[in-house]
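Report on the structure given below.
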Amino acid sequence: MTLQNLLRIGKLKPHAATAAEVQRLLVAIERSLADAQVAGLSSEARFDLAYKAVMQCALVATLAAGYRPSTHEPGHHQTMIQTLPLTLGVANDDWIVLDALRKQRNANDYTGQPIAADAVAECLRQARALREALLARLAAEHAQLLRQHG
Amino acid sequence: MPSLADQLLGQTRSRVLGALLLHPDSALHVREVARLTGASPGSLHRELRALAGMGLLVRQEVGRQVHYRADTASPVYAELAGLLRKTAGVVDVLREALVPLADRVGLAFVFGSVAAGTERTGSDVDVLILGSAGFAEVVRALAPTQEALRREVNPTVMSIKAFADKLVAGDGFARSVAEGPRLWLLGGEDDFAELAAHREAQAARGHRR
């Protein structure tokens, strides 16, 4: 699968990213990650926030690559996870875990299956790793998106 | 060690029946059966014809191809599928995948629709893993089984104490798992009864306080 293939089957649309939107989303990623560590929240709530950061990282990487997800298509979370090896070079070993985190989120949202402490910790770990990979990729290949904009 | 189903039915026969009876919605061509079971198409032709002759499989001609599927109207279909579910199917494949983590997994079992035998095409295999193993290592260990089982495997991984605490708290998930059917991968009903008894003792102490 390539990003072009995902475009052809309607899972992605072409998109020209702007510095303003990318920087707004980078701030949102930091906020999600910080909120995911707030003591006193349930495992489920912290997991949701860490998972949100995963999605936001995947989204920014996709935008920078010139695409955006078709959010009216069913399964756009799955599409976002699918793009990670293509946009940020996520290795298969981590991709398997990210896709499993997506399934945990579905099972929690739709059947009330609980989120255990270690699934929260793993989601947070994966989200942080994606943020690092994303920032490195933006700095190396899309520096214009990180510059001050007017 | 060969599975119980392999020993009872022979390896090829148990795998063929597992591939078809545990997926009653799919009709497979002999080459697909060969890929799923690792048996040669030559020997499978004979095997499939024999099983159809016994009334366990239905033979269908689709254009110029011959497909086989489970005959769910067979009087022994439910019992045979149940036997395979516990041996040749899900249980053996998942148990084998968990072996490398066995020292960190106290109890592991399949729950939900697959354990109850009410699964449909597309149902995930829900697995509860209780012990000190981490979420990521469990997911990585179980990932390769998804192809063999032709189902997504969705593990819930937590410590024994975390699950016992949920039982004490009357958590809906823990209760439904405790009350529903289980297919054991590691550990067994005795261990689970012990966990539940421990929980009741804890709850009783809680009431006295």
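The set of residues from region B:35-88 being among the small types (Gly, Ala, Ser), over 28 Å from B:VAL110 (Cβ atoms) and not in a helix (DSSP H, G or I) comprises B:SER40, B:GLY55, B:GLY63. Restricting attention to region A:64-85, the residues being surrounded by fewer than 17 Cβ atoms within 10 Å (Cβ to Cβ) and within 14 Å of chain B (Cβ to nearest Cβ) number 3. Within region B:37-57, the set of residues being touching a residue at least 24 places away in the same chain (Cβ under 8 Å) and either of a type in the set (Lys, Arg) or in contact with a strand residue (DSSP E or B) (Cβ under 8 Å, 6 or more places away or on another chain) (or both) comprises B:LEU48, B:LEU51, B:LEU56, B:LEU57. Just to be sure, is A:VAL38 out of contact with any Ser or Thr (no Cβ under 8 Å at 6 or more places or on another chain), of a type in the set (A, V, I, L, M) and crowded, with 19+ Cβ neighbours inside 10 Å? Spelling it out, it is not the case that A:VAL38 is out of contact with any Ser or Thr (no Cβ under 8 Å at 6 or more places or on another chain), of a type in the set (A, V, I, L, M) and crowded, with 19+ Cβ neighbours inside 10 Å. Residue under question is A:VAL22, and the condition is that it be assigned to a helix (DSSP H, G or I) and buried (at least 19 other Cβ atoms within 10 Å of the Cβ); does it hold? Yes, satisfied. Screening the candidates A:ALA107, A:ALA117, A:ALA133 for the property of being modelled with pLDDT of 95 or more and either surrounded by 15 or more Cβ atoms within 10 Å (Cβ to Cβ) or at negative phi (or both) yields one hit, A:ALA133.
The set of residues in region A:86-129 that are outside any helix (DSSP H, G or I) and either facing chain B (nearest Cβ under 8 Å) or over 18 Å from B:LEU128 (Cα atoms) (or both) comprises A:GLY89, A:VAL90, A:ALA91, A:GLY112, A:GLN113, A:PRO114, A:ALA116.
Just to be sure, is B:PHE135 surrounded by 17 or more Cβ atoms within 10 Å (Cβ to Cβ), in contact with a strand residue (DSSP E or B) (Cβ under 7 Å, 6 or more places away or on another chain), at pLDDT 95 or above and of a type in the set (Phe, Trp, Tyr)? For B:PHE135, the condition - surrounded by 17 or more Cβ atoms within 10 Å (Cβ to Cβ), in contact with a strand residue (DSSP E or B) (Cβ under 7 Å, 6 or more places away or on another chain), at pLDDT 95 or above and of a type in the set (Phe, Trp, Tyr) - is met. For region B:144-153, taking the residues that are more than 10 Å from every other protein chain (Cβ to nearest Cβ) and touching a residue at least 12 places away in the same chain (Cβ under 8 Å), the one that is surrounded by the fewest Cβ atoms within 10 Å (Cβ to Cβ) is identified as B:ARG150. B:ALA174 - would you say it is in a helix (DSSP H, G or I), more than 11 Å from every other protein chain (Cβ to nearest Cβ) and either free of Cβ contacts under 8 Å to residues at least 40 places away in the same chain or farther than 15 Å from A:LYS103 by Cβ (or both)? In short, no. Checking A:LEU49 against (1) in a loop (DSSP other than H, G, I, E, B); (2) crowded, with 21+ Cβ neighbours inside 10 Å, only one condition comes out false. Which one? The number of the failed condition is (1).
Pairs meeting the criteria (first residue in region A:1-17 and of a type in the set (Val, Ile, Thr), second residue at pLDDT 95 or above, beta carbons under 8 Å, at least 6 apart or on different chains) are A:THR2/A:LEU86.
Checking B:VAL62, B:VAL16, B:VAL76 one by one, the residue that is in contact with a helix residue (DSSP H, G or I) (Cβ under 8 Å, 6 or more places away or on another chain) and among the β-branched types (Val, Ile, Thr) is B:VAL16 and no other.
Considering region B:97-121, the residues that are assigned to a helix (DSSP H, G or I) and free of Cβ contacts under 8 Å to residues at least 24 places away in the same chain include one that is farthest from the chain's Cα centre (by Cα), namely B:ASP103.
For B:ALA141, the conditions (1) within 14 Å of another protein chain (Cβ to nearest Cβ); (2) modelled with pLDDT under 85 all hold with the exception of (2).
Here B:VAL99, B:VAL76 are screened, and the one residue that is surrounded by fewer than 16 Cβ atoms within 10 Å (Cβ to Cβ) and in the same structural domain as B:LEU20 (by TED's automatic domain parsing) is B:VAL76. Going through (1) within 12 Å of chain A (Cβ to nearest Cβ); (2) free of Cβ contacts under 8 Å to residues at least 12 places away in the same chain one by one, B:ALA193 falls short only on (1).
A:CYS57 satisfies every condition listed in (1) farther than 16 Å from A:ARG137 by Cα; (2) buried (at least 19 other Cβ atoms within 10 Å of the Cβ); (3) not small (Gly, Ala, Ser) except (1).
The values are calculated or read from the model by the stated rules, or taken from the named source; none is laboratory data. Everything numeric in this text was worked out from a predicted model, so none of it was measured. Positions of Cβ are backbone-derived with ideal geometry, glycine not excepted, and every protein chain shown enters the neighbour counts.
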